[in-house]
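J.: Here you go, one structure.
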Amino acid sequence: MIHCSELTKKFRRNGSEVVSLDRVSLEIGAGEFVVVRGPSGSGKTTLLLSIGGMQQPSAGTVTLDGENLYAMSSTERARARADKVGFVFQMFHLVPYLSLLENILLASPAWPSAEARTRANELLEQFGLAKRATHRPDELSAGERQRLAVARAMLNRPGVLLADEPTGNLDPENAASVIGHFTEFHKAGGTVVLVTHGTAADSVASRVIRLEQGRLAGD
Amino acid sequence: MSPWSQIIREIAFRKWNALLMFTGLAAVAATISMGKLIAEADERETRRVTRDMGFNLRIIPAETDLGQFYRDGYSRRMMDASLLDRLATSLTNNVEFNHLVGTLRHEYTINGETMMLVGLSETYVAPGQGKKPMGFKIKPGTVHIGSEIARALKKKKGDKFHVGTASYEIVNDAIETGTQDDITVFMRLEDAQATMQLAGKINEIEAIDCLCLTADQDPLSILRKTIGEILPGVQVVQKRVQADARAKQRQTRERVNQFVLPTVLLIGALWVAVLFVINVRDRRQEIGVLRAIGKRGGQIAGLFLGKAILLGLAASVAGALLGTWLGLQFGPELFPVTKNAIKPNWNLVSQLAVAMPVFAALVAFIPTTLAVSQDPAASLRED
């Protein structure tokens, strides 16, 4: 499903060049649950964003469902992200002035249809947020906000969920709850790529990839 | 949820930022509005019913005794009406004078009442300036009479007025003006020439000087030279006090247009642009996540440009109302010559309703470009 070939990303920082990813090649099959682990600055987030079509690599290719992501136009890549990828971030990144329902519907590619609204309400129900549909994110706890972010990522029934430290700001109970939702998604046939320092997902992961200094250190 | 709903929600959420933007745009709209009001009043003032107040140049035969001219209010010397055509032909885009009216003015007695009979030609205006002729147009078979004549002869609008062997309809309400117009009958030049048996003759050409210079700037020398080159056999006199007042006001208004308005536009644009940049910065992560969930650059740009258009529209109404109020409140003090002519112009609201959203969108263009071009990955990494 996801194929990275010689993926390289370099940044310029304070006048010098930093290699965040150094010729990383890996393949993630459909239905896999992959945990990506490594120390801070090892390139985990860069790898995730590159896989999701959010970070143009300096070299190498990323293919998603057989399509070279970075050979597409930015419009095509946005379309691919909307249809195939769900992102979940450590800091939730919810839109503060929209309600919970509207935050989920924001992921709808066009004018939210009745079907999208039904799906959004189902997700609110599934994630235990139905009674707070009209509330704003700042009225939720951290765990509730992350559940909302996961729900948003799932609106369009993506094939792959990319999660960057989704439990980093959560207590163990909420962290377990979020990992539980990823597990359900995985069991339903979805592919999960989870960047995490924690071990809560180790028992359900099919693979653990380790990055060190931008290179694959273990798989 | 439509993009417009999202824009309105964001405005309500970041209300101070939006309010400051709105204030800047409204200030610009108010300044334009007030400026236009004063300009229209200035134009209107020179079309006042009391005609002599509008025209400040009097071109009379060279042989005129000025003492007699000032005592009687007209020249007893005649000149050929063809001089008017010659002067009118010289009107171009760069005129120093405009709005030429050929006049035949003389005392006349009807039923024992002595009055001033004034025949007026059509008004000649310089081509391509889009200006309406000053003064009023007299239709064939009609006259305009002064209030004192109406009272003495017991006449009113709609009555017949006999001059010599001809009969005319009175078409004006004879309102007292406190000037010589109250004892004046205005008619078409041809009718006055026939009545006074002075076919093809006039004794004055009225005009308005367009130099708009004050006395110390000596516009009269310039005008005498220019007109003298076209019509060697005339004298040119100018109503100085009234011309000075007009000139001073026009210069003040031009200074406002040349300095105040562009300054307000520039400051307003910078003010709103900076606020938009702040808005883009505050929404960095929102923009990043919108990209992550598949929103295109155009959709993100729409959120910012749409906000600019909405605020511009709201500011246009507020600014038009504020500018109108300011014009009515302070205009008479700042521009005393036109104070009575300052009136609201509600068409301004519709004009500003188009102009201000466009202005706001143009101002928001660069910040919007910043929003669309920022690296979403960088913003999503920020904690």
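J.: For segment A:1-158, what is the convex hull (Cα atoms) projected area averaged across all directions, in square nanometres?
T.: Over all viewing directions, segment A:1-158 projects a mean Cα-hull area of 10.9 nm².
J.: Please figure out what share of the DSSP beta bridges in the protein assembly as shown is antiparallel and state it in percent, rounded to the nearest 5.
T.: Beta bridges within the protein assembly as shown, antiparallel portion: roughly 70 percent.
J.: Compute the normalised compactness of the protein assembly as shown: alpha-carbon radius of gyration over 2.2 N^0.38 Å, N being the residue count.
T.: That works out to 1.59 for the protein assembly as shown.
J.: Would you mind checking the radius of gyration and Dmax of segment A:5-68 based on alpha-carbon positions, in Å?
T.: 12.3, 42
J.: Is the C-alpha gyration tensor of segment A:155-219 telling us rounded, prolate or oblate? Criteria: a/c under 1.5 is rounded; beyond that, a/b larger than b/c is prolate, otherwise oblate.
T.: The shape class here is oblate.
J.: Can you compute the charge dipole magnitude of segment B:251-331 about its Cα centre, using +1 on each Lys and Arg Cβ and -1 on each Asp and Glu Cβ, nothing else charged? Give it in debye, rounded to the nearest 20.
T.: Value, rounded to 20: 340 debye.
J.: If you rank B:Asp173, B:Asp216, A:Asp164 by fewest surrounding Cβ atoms within 10 Å, what's the result?
T.: B:Asp216, B:Asp173, A:Asp164
J.: Work from the charge dipole of the protein assembly as shown (Cβ charges, +1 for Lys and Arg, -1 for Asp and Glu, about the Cα centre) and give the residue of A:Gly53, B:Phe186, B:Ser33 farthest towards its positive end.
T.: The Cα lying farthest towards the positive end belongs to A:Gly53.
J.: Considering the dipole of the protein assembly as shown built from charges on the beta carbon (Lys and Arg +1, Asp and Glu -1) around the Cα centre, which of A:Leu161, A:Pro137, A:Ile179 is farthest to its positive end?
T.: In the protein assembly as shown, that residue is A:Ile179.
J.: Taking every pair of distinct Cα atoms and averaging 1/r, then inverting, what Kirkwood hydrodynamic radius in Å comes out for segment B:251-383?
T.: This gives a value of 17.1 Å.
J.: Here is a further query. How much of the DSSP bridge set in chain A is antiparallel, in percent, rounded to the nearest 5?
T.: Close to 55 percent.
J.: Return the average number of partner chain Cβ atoms within 10 angstrom of each residue Cβ along peptide A:153-166.
T.: Across the residues of A:153-166, the mean count of other-chain Cβ atoms within 10 Å is 1.
J.: Moving to a separate point now. Can you give me the relative contact order of chain B as a percent, contacts being Cα pairs under 8 Å and 6 or more apart?
T.: 27
J.: Moving on to the next point. Could you give me the ³J(HN,Hα) list for segment B:163-169, computed from phi with Karplus coefficients 6.51, -1.76, 1.60 and θ = phi - 60°, whole Hz, x at Gly and Pro?
T.: Rounded to whole hertz, the list is 10, x, 9, 9, 10, 10, 9.
J.: With an 8 Å Cα cut-off and a minimum separation of 6 or more residues, compute the relative contact order for chain A in percent.
T.: RCO, chain A: 30 percent.
J.: Just need the relative contact order of segment A:1-102 here, percent rounded to a whole number, with Cα pairs under 8 Å and 6+ apart.
T.: 28
J.: Considering only Cα-Cα distances, which of the following residue pairs are longer than 21 Å: A:Lys84/A:Lys187; B:Lys137/B:Lys157; B:Lys139/B:Lys343?
T.: Beyond 21 Å between Cα atoms: B:Lys139/B:Lys343.
J.: If amide hydrogens are placed 1.01 Å from N in the peptide plane, which non-local residues have theirs closer than 5 Å to the one on B:Thr177?
T.: Correct list: B:Ser147, B:Asp182.
J.: What value does segment B:161-209 have for Rg/Rh, both radii from Cα atoms and Rh as Kirkwood defines it?
T.: Across segment B:161-209, the Cα-based Rg/Rh ratio is 1.00.
J.: In a Debye calculation with equal point scatterers on the alpha-carbon sites of segment A:94-219 and no solvent, what is log10 I(q)/I(0) at q = 0.15, 0.18, 0.19 Å⁻¹?
T.: Those come out to -0.72, -0.98, -1.07, one per q.
J.: To the nearest 20 debye, what is the magnitude of the charge dipole of chain B about its Cα centre, counting +1 on the Cβ of each Lys and Arg and -1 on the Cβ of each Asp and Glu?
T.: The dipole magnitude comes to about 1240 debye.
J.: Among B:Leu100, B:Gly119, B:Leu303, which residue has its Cα furthest toward the positive end of the charge dipole of the protein assembly as shown, with +1 on Lys/Arg Cβ and -1 on Asp/Glu Cβ?
T.: Checked the options; the winner is B:Leu303.
J.: Just tell me which aspartates and glutamates come within less than 15 Å, Cα to Cα, of B:Lys239; anything on the same chain fewer than 8 places away is out.
T.: B:Asp52, B:Glu204, B:Glu206, B:Asp209, B:Asp216, B:Asp218
J.: Convex hull over the alpha-carbon atoms of segment B:286-330: what's its volume per residue in Å³?
T.: 65
J.: Taking chain B as a Gaussian network, where each spring joins two C-alpha atoms under 10 Å apart, which residue of B:Leu362, B:Leu322, B:Leu313 fluctuates the most?
T.: Fluctuation is largest for B:Leu362.
J.: Still on this structure, please answer the following. Over chain B, what number does the Rg to Rh ratio reach, with both radii from the alpha-carbon atoms and Rh per Kirkwood?
T.: 1.19
J.: Semi-axes of the equivalent ellipsoid for segment B:155-237, please: Cα gyration tensor eigenvalues, times 5, square-rooted, ordered largest first, whole Å.
T.: Calculated on Cα positions only, the semi-axes equal 34, 19, 8 Å.
The numbers here are math on the coordinates, done by the rules we state, and not lab data. Everything numeric here is computed off the predicted structure, so don't read it as measured data. Quick reminder, even Gly has a Cβ in these numbers, built from the backbone with ideal geometry, and neighbours come from all protein chains shown.
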